[in-house]
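Visitor: Structure incoming, see below.
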Amino acid sequence: MKKLMDTKTLTVAAMLTAIGIVLGFFKLPINQLIEIRFGSLPISMAGMLFGPGVAGVVGALVDIGGYLVKPTGPFFPGFTLSGIVGGIIFGLMLHGKKITFLRVLMTQIVYTVIVGVIMNSYWLSLLYLQGGYVAAIVSRLPKELIMIPVYTILFYSVLKAFDKVKVGAMA
């Protein structure tokens, strides 16, 4: 967490947090069940630029900030934990490594399985299904699998663009 003591790192992390909060309000609906959301994109950028610690903090702050700005239901700390774990995954798999399509695909698969399928399904089952964890996984799994290539292409395009302009050089 020593990285957050650096002014440039703190400033960029704060900007990514603000962007993540704003992007969290936008979604592109494909049908009634599937929609493209953009809120985790800045968290992945924080992971690529600064590593798992800073990205975990950005993930937590994006979740908490999004709730404070525009609550869409009850605050549940499980989703904040999902944001932290997502940031850690992006940081571990992207920071200091060459951004390739395969690396972003593998990162998205790990993120989807751990955060999207396992963690978020559990949180939703606690909140809305009174313990129907398996039912939550079964109902969410097709959507999560369909979104892997979509998010991989989106994340790869953005991360590669940032990598090309050497934004990572500030880290």
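The values are calculated or read from the model by the stated rules, or taken from the named source; none is laboratory data. All values derive from a computational prediction rather than experimental measurement. Cβ sites come from the backbone with ideal geometry, for glycine too, and all protein chains shown count toward neighbours.
Visitor: Answer yes or no as to whether Val113 is farther than 23 Å from Lys3 by Cβ and of a type outside the set (Ser, Thr, Tyr).
Guide: Details: farther than 23 Å from Lys3 by Cβ: yes; of a type outside the set (Ser, Thr, Tyr): yes.
Yes; evaluated as a whole, the condition is true for this residue.
Visitor: Within segment 118-158, which residues are among the aliphatic types (A, V, I, L, M), farther than 17 Å from Gly59 by Cβ and in contact (Cβ under 8 Å) with a residue 12 or more places away in the chain? Don't jump to the end; show me each part of the working.
Guide: First, the residues of segment 118-158 that are among the aliphatic types (A, V, I, L, M): 118-119, 124, 126-127, 129, 134-138, 141, 145-148, 150, 153-154, 158.
Among the residues that remain, those that are also farther than 17 Å from Gly59 by Cβ are: 124, 126-127, 129, 134-138, 141, 145-148, 150, 153-154.
Correct list: Leu124, Leu126, Leu127, Ala136, Ile137, Leu141, Leu145, Ile146, Met147, Ile148, Val150, Leu154.
Visitor: Are any residues in segment 31-76 part of a loop (DSSP other than H, G, I, E, B) and within 12 Å of the chain's Cα centre (by Cα), and if so, which ones? Quick ask: steps written out before the conclusion?
Guide: In the first step, residues of segment 31-76 are kept if they are part of a loop (DSSP other than H, G, I, E, B); the result is 31-34, 38-40, 51, 70-76.
Phe38, Gly39, Ser40 - these are the residues of segment 31-76 that are part of a loop (DSSP other than H, G, I, E, B) and within 12 Å of the chain's Cα centre (by Cα).
Visitor: Still on this model: If a residue must be surrounded by 13 or more Cβ atoms within 10 Å (Cβ to Cβ) and modelled with pLDDT of 85 or more, how many such residues does segment 22-34 contain? Step through it out loud before you land on a result.
Guide: Going residue by residue through segment 22-34, those that are surrounded by 13 or more Cβ atoms within 10 Å (Cβ to Cβ) are 22-25, 30, 34.
So of that shortlist, the ones also modelled with pLDDT of 85 or more come out as 22-25.
Selection size over segment 22-34: 4.
Visitor: Right, something else. State which residue is surrounded by the fewest Cβ atoms within 10 Å (Cβ to Cβ) when the search covers only segment 82-116 and only residues that are touching a Leu at 6+ places or on another chain (Cβ under 8 Å) and over 10 Å from Ala55 (Cβ atoms).
Guide: Arg103
Visitor: Going residue by residue through segment 154-167, is there one that turns out to be at pLDDT 85 or above, assigned to a helix (DSSP H, G or I), surrounded by 15 or more Cβ atoms within 10 Å (Cβ to Cβ) and among the hydroxyl-bearing types (Ser, Thr, Tyr)?
Guide: Yes, some residue in segment 154-167 is at pLDDT 85 or above, assigned to a helix (DSSP H, G or I), surrounded by 15 or more Cβ atoms within 10 Å (Cβ to Cβ) and among the hydroxyl-bearing types (Ser, Thr, Tyr).
Visitor: So Val57 fits all but one of (1) β-branched (Val, Ile, Thr); (2) out of contact with any Gly (no Cβ under 8 Å at 6 or more places or on another chain); (3) farther than 24 Å from Ile153 by Cα; what number is the exception?
Guide: (2)
Visitor: Tell me which residues, restricted to segment 11-30, are in contact with a helix residue (DSSP H, G or I) (Cβ under 9 Å, 6 or more places away or on another chain) and either without any contact (Cβ under 8 Å) to a residue 24 or more places away in the chain or part of a loop (DSSP other than H, G, I, E, B) (or both). Show your work before the answer.
Guide: Start the filter on segment 11-30 by keeping residues that are in contact with a helix residue (DSSP H, G or I) (Cβ under 9 Å, 6 or more places away or on another chain), which leaves 12-25, 30.
If the condition is that a residue be in contact with a helix residue (DSSP H, G or I) (Cβ under 9 Å, 6 or more places away or on another chain) and either without any contact (Cβ under 8 Å) to a residue 24 or more places away in the chain or part of a loop (DSSP other than H, G, I, E, B) (or both), then Ala14, Met15, Ile19, Val22, Leu23, Gly24, Phe25, Ile30 are the ones that fit.
Visitor: So, one more: Starting from residues that are over 13 Å from Gly59 (Cα atoms) and of a type in the set (A, V, I, L, M, F, W, C), keep the ones in segment 1-21 and report whichever is surrounded by the most Cβ atoms within 10 Å (Cβ to Cβ). Reasoning before the result, please.
Guide: From segment 1-21, those over 13 Å from Gly59 (Cα atoms) are 1-12; that's our starting set.
Now narrow it down to the ones that are of a type in the set (A, V, I, L, M, F, W, C): 1, 4-5, 10, 12.
Numbers: Met1: 8, Leu4: 14, Met5: 8, Leu10: 13, Val12: 20.
Checking each candidate, the answer is Val12.
Visitor: On to the next question. Here is a list of conditions, (1) in contact with a strand residue (DSSP E or B) (Cβ under 9 Å, 6 or more places away or on another chain); (2) farther than 25 Å from Lys143 by Cβ, and Thr100 meets all of them except one; can you say which number that is?
Guide: Result: Thr100 fails condition (1) only.
Visitor: Which one of the conditions (1) assigned to a helix (DSSP H, G or I); (2) farther than 17 Å from Thr17 by Cβ does Gly87 fail to meet, given that it meets all the rest?
Guide: (2)
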